[in-house]
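Just so it is clear, none of the values below were taken in a lab; they were calculated from the coordinates. For clarity, every value in this text was computed on a predicted model and none was experimentally measured. Don't worry about glycine lacking a Cβ; one is built from the backbone with ideal geometry, like all the others, and counts go over all protein chains shown.
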Amino acid sequence: MHGYAAGALMLMTGGAVVLGVVAVGTGWLLPWPRRSRIQRPALWGYGAMLTGTGVFLLTAGDSSDAFHGTPVLQEALWFTGMPLMVAGGWFPLLSARQRLDT
């Protein structure tokens, strides 16, 4: 991956993590069209943080030459980043559902 594209992607994922921290801490979401559908903003925030971290790990593993020659570390980043992305995609779906404990 080209360095500029990797840097831009890492900045965007950093922004997603920051939005997730804000949603977990305060319950505030950006005024997107789906904002009215989100029942649990903290759960949405955890999903944004997991997705951002997963994409960041995958991008860092692909774009850095620090792990060149050690494919085990690159595979470890991949096997860590992919489940984080999958879980991060699942949490926002759950955040739009009604609470079951009430």
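Brief remarks follow.
- Of the residues examined, PHE56 is one that is of a type in the set (Phe, Trp, Tyr), closer than 26 Å to HIS2 by Cβ and within 15 Å of the chain's Cα centre (by Cα).
Yes or no, residue by residue, for (1) in contact with a Phe, Trp or Tyr (Cβ under 9 Å, 6 or more places away or on another chain); (2) among the aromatic types (Phe, Trp, Tyr); (3) exposed (fewer than 13 other Cβ atoms within 10 Å of the Cβ):
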| position | (1), (2), (3) |
| --- | --- |
| GLY3 | no, no, yes |
| LEU11 | no, no, yes |
| VAL22 | yes, no, no |
| GLY27 | no, no, no |
| ALA42 | no, no, no |
| LEU58 | yes, no, no |
